[in-house]
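J.: Questions regarding the structure given below will be posed in turn.
The values are calculated or read from the model by the stated rules, or taken from the named source; none is laboratory data. The model shown is predicted, which means the values in this text are computed figures rather than measured ones. Positions of Cβ are backbone-derived with ideal geometry, glycine not excepted, and every protein chain shown enters the neighbour counts. Heads up: the accessible areas ignore ligands, DNA and RNA and are worked out on the full protein's heavy atoms, side chains in. Shrake-Rupley method; radii C 1.70, N 1.55, O 1.52, S 1.80 Å.
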Amino acid sequence: MEVRVRYAPSPTGLQHIGGVRTALFNYFFARANGGKFILRVEDTDQERYSDESLEDLYNTLNWLGLKWDEGPLVGGPYGPYVQSERFDLYKKYAEQLVVDGKAYRCYCTSERLAALRSEQQAAKSELQGYDRHCADLTDEQRSELESQGLKSVIRLKVPTQGKTTIHDVLMGDITRRNRDVSPDPVLLKSDGFPTYHLANVIDDHMMHITHIMRAQEWIPSGPLHILLYEAFGWEPPLYCHLPMVMGKDGQKLSKRHGSTSVKDFREKGYLPEALMNYVSLVGWSYDGQREFFTKEELEEVFSLEKINKAPGVFDYKKLDWFNGQYIRQKSDGELAQMLLPYMVGAGFAKEPLTSEVQAKFDALVPVVKDRLKVLSDVVPLSRFLFEEPEYSDPSLFIAKNVEPSVALAALEGVYAILKKGLADKVPTEEMEKEMVELATQLDIKINGVFMPLRVALTGSLVSLPLFDSIFLLGQEKTFARIETALSVLRSEG
Ligand code: ZN
């Protein structure tokens with residue numbers, strides 16, 4: 001039997017970490033088993049649908065390099081793969097269920113249903129939900145209602161007795177009493193649109209899906225889906241509901257924890273291979289030890305058995321760490337290409353680059369490489385190369401427990417050391433020693449010397465390593481900035 005799995009998102013929002021984790025697991029499982037990975041767009045909810053979400057779905061999967069074997073844009077033998085293009089099919093199958101006595105038409109108006117709901121709530125009645133009012137209408141009653149112009153929905157006849165079991169590869173058997181399944185859910189709405197449950201089950205069957213890997217949130221819908229398979233007389237696929245993705249606080253991952261949309265991660269400068277590698281480890285592990293996997297490796301080693309039952313924790317810091325590792329694996333040339341859009345976006349460079357900017361850029365990349373968690377970090381770290389600092393807060397020059405006059409003396413001393421020695425572009429170890437001595441003479445910590453220098457060069461307390469900054473800035477600018485900083489400090493004093 002060929003493995004066929006699908007990722008079936010609803011384009012009602014941006015792709016987020018949880019969804020992408022589902023996509024990845026399905027994709028890797030298909031690849032590891034020589035099967036097919038199918039993309040299906042579940043756009044039955046026309047109110048929440050947006051073009052932007054659909055676009056984002058395609059962009060996200062393309063960015064991650066997840067190619068679907070069948071689906072929108074590429075087609076396949078069981079298409080179309082967009083549910084809104086399959087409405088006739090759902091209608092046909094729903095009507096067949098009516099003919100077979102597994103479903104029935106309900107003519108209740110929304111007013112009646114609303115009244116029923118408030119009655120049930122007021123009476124705290126045991127039955128909450130549809131009261132099967134139309135379950136046993138005769139043909140005459142139906143024709144009568146139709147002749148009054150009443151529209152109907154189609155509802156599944158859920159058995160009132162017995163139990164339904166879903167076999168879940170991961171969770172084991174999950175059994176529910178049928179009377180706890182919501183009474184007679186709507187399959188087809190009065191406008192002919194299917195509900196999620198109907199379309200989902202029909203498509204999984206028609207598309208010959210063998211395994212359903214989806215979020216655990218869908219477990220409550222499971223019994224209803226099984227009942228639908230039974231009503232149609234179809235064999236259900238194997239289920240594997242995936243553990244939740246949580247933040248470090250044990251709550252379901254959400255915006256409160258930080259970015260969750262893949263678009264955000266992409267824009268901040270996470271690399272697809274880093275995100276893919278890390279997200280694959282949220283709820284799955286190879287041997288509990290190994291952490292680094294290329295996409296190709298995951299395509300080989302992924303297996304259902306190693307999915308954890310416990311929820312997976314998404315740790316932003318860990319992702320940053322992975323991202324840094326992947327950034328440092330890039331050659332300087334590759335990294336330069338990846339950083340360029342951020343430099344252009346910040347207004348530091350325009351394409352095509354002038355030779356002067358190109359040269360700055362070539363010097364910058366190897367220096368900044370070790371310091372990047374995400375590509376966009378390059379902007380604050382290199383701003384000093386492209387913009388003059390403002391020194392709007394002179395207190396920045398002055399380290400803790402240092403008198404302003406001593407800070408001034410420190411910067412003057414450093415300037416003298418650099419002026420004397422900075423024949424080459426890079427300050428020497430010798431000069432560093434002299435700076436340490438200077439600190440001793442002034443009876444301050446070395447930071448008391450480096451801090452005014454750092455602020456003079458960059459206008460900021462955080463920067464690339466100081467001597468690298470001097471090298472990148474060049475002698476002329478280095479000296480000019482120190483002089484400006486000195487005059488700021490003097491006028492403060
Ligand atoms: Zn009814």
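J.: For segment 406-448, how many residues are within 20 Å of VAL488 (Cα to Cα) and touching a Phe, Trp or Tyr at 6+ places or on another chain (Cβ under 6 Å)?
T.: 1
J.: Please determine, by comparing only the residues of segment 142-179 that are within 11 Å of the ligand (Cβ to nearest atom) and of a type in the set (A, V, I, L, M), which one is farthest from GLN216 (Cα to Cα).
T.: That would be LEU145.
J.: Looking at GLU52, is it modelled with pLDDT under 95 and either open to solvent by 60 Å² or more (accessible area, probe 1.4 Å) or within 24 Å of the chain's Cα centre (by Cα) (or both)?
T.: Working: modelled with pLDDT under 95: no; either open to solvent by 60 Å² or more (accessible area, probe 1.4 Å) or within 24 Å of the chain's Cα centre (by Cα) (or both): yes.
In short, no.
J.: In segment 72-95, is there at least one residue being exposed (fewer than 14 other Cβ atoms within 10 Å of the Cβ) and within 14 Å of the ligand (Cβ to nearest atom)?
T.: Of segment 72-95, the ones exposed (fewer than 14 other Cβ atoms within 10 Å of the Cβ) are 73-75, 77, 85, 88, 92.
Checking which are within 14 Å of the ligand (Cβ to nearest atom) leaves us with none.
No, segment 72-95 has no match at all.
J.: For the subset of segment 361-387 comprising residues that are open to solvent by 20 Å² or more (accessible area, probe 1.4 Å) and over 26 Å from the mean Cα position of the chain (by Cα), which member is nearest to ILE327 (Cα to Cα)? First the steps, then the outcome.
T.: First, pick out the residues of segment 361-387 that are open to solvent by 20 Å² or more (accessible area, probe 1.4 Å): 362-363, 366-367, 369-371, 373, 376-377, 379-381, 383, 386-387.
Checking the rest, the ones that are also over 26 Å from the mean Cα position of the chain (by Cα) come to 362-363, 366-367, 383, 386-387.
Numbers: ASP362: 16, ALA363: 17, PRO366: 11, VAL367: 13, ARG383: 20, PHE386: 23, GLU387: 25 Å.
Residue satisfying both the conditions and the ranking: PRO366.
J.: Another question, if that's okay. Which members of segment 135-160 meet the condition of being in a loop (DSSP other than H, G, I, E, B), farther than 15 Å from CYS106 by Cβ and free of Cβ contacts under 8 Å to residues at least 12 places away in the same chain? Even if it seems obvious, please write down each step before you answer.
T.: In the first step, residues of segment 135-160 are kept if they are in a loop (DSSP other than H, G, I, E, B); the result is 135-138, 148-152, 157-160.
Add one more test, that the residue is farther than 15 Å from CYS106 by Cβ, and what stays is 149, 159-160.
If the condition is that a residue be in a loop (DSSP other than H, G, I, E, B), farther than 15 Å from CYS106 by Cβ and free of Cβ contacts under 8 Å to residues at least 12 places away in the same chain, then GLY149 is the only one that fits.
J.: Suppose we keep only residues that are open to solvent by less than 50 Å² (accessible area, probe 1.4 Å) and more than 9 Å from the ligand (Cβ to nearest atom) within segment 116-141. Which one would you say is modelled with the lowest pLDDT?
T.: SER125
J.: Restricting the search to segment 175-211, which residues are over 17 Å from GLY233 (Cα atoms), modelled with pLDDT of 95 or more and in contact with a Pro (Cβ under 8 Å, 6 or more places away or on another chain)?
T.: Within segment 175-211, ARG176, ASN178, LEU188, THR195, HIS211 meet the criteria.
J.: Being in a loop (DSSP other than H, G, I, E, B) and under 13 Å from the mean Cα position of the chain (by Cα) is the filter here, so list the residues in segment 270-305 that pass it. Before you say what the answer is, go through the steps one by one.
T.: Here is the first cut: in segment 270-305, the ones in a loop (DSSP other than H, G, I, E, B) are 270-271, 281-283, 285-294, 302-303.
Within segment 270-305, TYR270, LEU271, VAL282 qualify.
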